[in-house]
1. Can you name the residue in region 170-191 that is of a type in the set (S, T, N, Q) and part of a loop (DSSP other than H, G, I, E, B) and, of all such residues, is farthest from HIS226 (Cα to Cα)?
2. For region 685-711, which positions are acidic (Asp, Glu) and farther than 25 Å from ASP618 by Cα?
3. Return the residue satisfying two criteria in turn: it lies in region 226-264 and is within 15 Å of ALA308 (Cα to Cα) and modelled with pLDDT under 90, and of such residues it is surrounded by the most Cβ atoms within 10 Å (Cβ to Cβ).
4. Do the conditions hold for ASP729, that is, is it charged (D, E, K, R), within 24 Å of the chain's Cα centre (by Cα) and crowded, with 17+ Cβ neighbours inside 10 Å?
5. Give the residue that is modelled with the lowest pLDDT, with candidates limited to residues of region 611-645 that are surrounded by fewer than 18 Cβ atoms within 10 Å (Cβ to Cβ) and more than 23 Å from PRO719 (Cα to Cα).
6. Which of (1) over 38 Å from the mean Cα position of the chain (by Cα); (2) modelled with pLDDT of 90 or more is the odd one out, the single condition GLN19 does not satisfy?
7. Of all residues in region 309-332, count the ones that are closer than 18 Å to ALA165 by Cβ, in contact with a Phe, Trp or Tyr (Cβ under 8 Å, 6 or more places away or on another chain) and not aliphatic (A, V, I, L, M).
8. How many residues are at pLDDT 90 or above, among the hydrophobic types (A, V, I, L, M, F, W, C) and in a loop (DSSP other than H, G, I, E, B) if we restrict to region 55-90?
Amino acid sequence: MRHSLCVAIVLLLSVGSLQAAQTPTVIRFEHSGSVNSVAFSSDGKKVVTTSSRGITHIWDIESGSANFGGELHQLKGHTNVLMSAAFSPDGKLVASVGYDGTRIWDAKSGTELRRLGSNGFAVAFSPDGTKLATRDGGGPSIWEVDSWKPLYSLIQHRGAVKSIAFSPDGKQIITASADGTANIWDAESGSEVKTLNAHPDMEGYGTVTVNSAVFSPDGKRVATAHQDGVARIWNIESARVVLELRGHNSGGSVTQVSSVAYSPDGKTIVTSSNDRTARIWDAESGEELKRLEVHHLGQSNTTPVVSAVFSPDGEKVATAHGPYVEIWDLERVPPLPVPPPPSVEHPTMDEPIMIKLEGDRTDVDLYWIDSAIAISPDGKKIVTASDESTAQVWDAESGKKLHDLTGHEGFVTRITFSLHGTKIVTAGYDGAPRIWDAELGKELHKLGGHIHLRVPIFSPDGKKIVTTTGYFSSGDNTTRIWDVESGKELHKWEGGFVAFSPDGKQFVTQDNNGIRIWDAESGRELRRIGGNHPSFSPDGTKIVVGARATVLDVHSGRVLQRLDGRPVTFFPDGKKVVTMDIRACRIWDVESGRELQTFQYSYGSRDGDLGQFAISSDGRRIVSRNSGTVRIVDAESGRILATAGLASFGSIPGIPANVRMTTPATFSPDGKKVIAGTWIPSGTSGGEALVRVWDSESGSELQPLRGHTKSVFFAAFSPCGSKIVTASDDRTVRIWTLEQ
C-alpha cells in the first residue's frame, strides 16, 4: 500500500510538472479514509491532517515526492473517527481530537505523550503555546500545556462545539456551535464576553449551525461559516454582521459553508463548502476573487470540501476533500472572469406570476396598505391582507395559495415576518395582533389590548414582539412588549414605539414630551431626551434625534454633535449621518460634525414634504425622493448618476415627464439596482402604472416593469435580490424574476 501510494503521488507530480501552467495544485496527499481537517505548521513546511480511520498524518510539503508524498508520520492510537488536529506554535507538538478524546504527540518522533478529555470536534493552541483549547464531552476545556492541568471549562453552548480558536493576541477564544451561535470568551478567566447570533429567532429545531469561527489577524473582526450557505463577517465591538459572503451553491441550491479562514495579512478569506469548491474572497468588499474546484480525480460529484486554510505566508491554500489534501499555489489559480458591464438593453424579466388579491372592497386606505404585504426572509412566501378580515400566505415560486389566516374581526392592516420567517404577525382594526406558524398557517397566540395598530416589530433576538398605536389620534397611545413563545404581555408604556437598539437591549419611544430610552428586559426607563425621529447608530452607541439633528451618546446622554436638518439615518459604517430639510439633504461626519456633501432639490418641497432617503448596503450609493423626483447619487463624490420624476423621466422614448412617484425608491440587497413605482397620467383620468428599475452603478435605466392597470403602492426586492414583488390598486400582486 505504501509503495503504491508513493507511485501514485510520484506519477501525479510528474504529470503536474509537465502541466504546471495548467494546474494550480502543488502537491496532493492521499489518505486511506476521508479527510476531516488540515492545518499548517507555523513555518509553513508541514501540514497535519486527520481522517475517518482514526489516524493523524504529518506531511512534509517541501520533500514532496521524494519521501512517499512527503509523509513523515502516521500517528496511530485513536480508536475512532478523528475531527481536528493542530501544531503547537513552536512546531514541537501535535494535538489531535476525535470521538475518543484528545491526544498529544511529539511532532518530530510521532510518539504519543498524553491523553486528555473525552470525545470532541475541535482543538487549538494559544499563540504563545501555553494553553490548549479542546472541545470534549463536557464542553470546551482549556488546559495548561506545561502541566496539562485543566484551567477551566466554557459552559454555555446548547449544542455541539464545531470549532475553537484563539484571538491573535491570545486574550480571547471563539467557539462555533450547532446551537446557531459563536461565542467569544475571555481566555484568562473563561467568562463569556459576547455572543454572535445571525439567526436569533431560530432556536431549537431548525437552528442554523455555525460550522467554523475565526478572528481576523488584527483581532477586530470575526468570520463565521454557516449551514445556510453564508459566511459572515462580524464587527466584534458591535457584535453585528458587516459583510456576508454568498455564492456557494450546488445545482442552484445553497450548500453549507464548512470552514472559513483569514489570510495572514487579513485581506482575503477562504471558505470551503459542500459544493465541491473552496473560494477566495476580498475581506473588505466581499467580492469572490478565485475559485478552487476539486471535482476531479474520479471522485464523486458530491464530494464536499470540508476544510480550507491559508499557509503562513499566504501564498498557498490547503484543501481537504474526500481522501485527498491538496496544496494550491494561489498564483497559478486564475482570477474569476470580470462580468461585462451592463448593456444599454439591460436584462429583461420573466413573465411575472400574478396573484389575485381576495375581497372586493374598492375604497382601500392606501396609508396602510404598503404594510399589509410581506415577503419572507428566504423569499419563498408572500403574505397579503384582504379586505375580508383575513390574510393569505402564497408560494412565491408558483403563486399558489398555501394558507388562509382567519380569526381577525376587522380589516388586517399590518403584516410582518420574524427575522428568519418561522413566524408571521398580523394586526388590524380589531386591536388584537396574532402570531402564526408560517409553515403550518396555524394561529399560535392572540394578543389584545390595543386600538388601531402600527406594524408589529420583532426584537433583534426574535424573542419579543412590540406592538404600538404610535401617533394615531384614534389609538390608545400605548406601546406593549410581548413574549413570542408564551404570548404574554411583558411591559406596557404610554407613547409610540420607534426602534430597538441593534443589540436589542434598549428601545426608544416617542410621545408629546419627547423621546424616552428604555431597558428592554426590565422595562425600566433609562433616560429622557428632547426631539423626535430617533435613529440608532449601527453599533448602538449613538442616537440621532430631531427636529434639529442632534447626535448623542446613548449611555451618558451627552450631546456629541448638533447638525442642520431633520435626522434621517446613519450610514452602514456608523461614521456618517444623513439629514434632510425642505431644500436639501446633507451627509455629515459624525466624529467631527463636518458637512461632507449637500444635495440640493431643484424644485423645492411641496406641502412640507421632506421626502425619502435610502442608502445602499455598502454605503456607496444613495437615493432620494422629494416632490416626485428621484435622484441616485454617488455618496463619495456627490455626483448625480440619475434623475427621474417631475423633471425628467430618463431616456425611455415616448414617456412623458410629468409623472407621480407612488412608492419609495428602494435598493436591491446588493445595492446594485434601484426600483420605484410611478404613475404616468394620460387623458383626464387614465394613465399607466410602471415600476422603474435603475442600475445604481451607472445610473442607467433598465427595462421598466409593465402590467399593472392601476397605481402601484408596493415595490420591493426579495431578500436574495432575485425577484421583485409589486402590488397595485388593481388588486393583484406580481412576482417578477430577474434574469441572472
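The values are calculated or read from the model by the stated rules, or taken from the named source; none is laboratory data. Remember, it's a predicted structure, so these values are computed and weren't measured experimentally. As a convention, Cβ positions derive from the backbone with ideal geometry for all residues, glycine included, and neighbour counts pool all protein chains shown.
1. So the residue we want is SER189.
2. As a first pass, look at region 685-711 and keep what is acidic (Asp, Glu): 688, 695, 697, 701.
Of everything in region 685-711, just one residue is acidic (Asp, Glu) and farther than 25 Å from ASP618 by Cα, namely GLU688.
3. Filtering first and then ranking leaves HIS248.
4. no
5. Applying the filter and picking the extreme gives THR643.
6. Single failed check for GLN19: (2).
7. 3
8. 1
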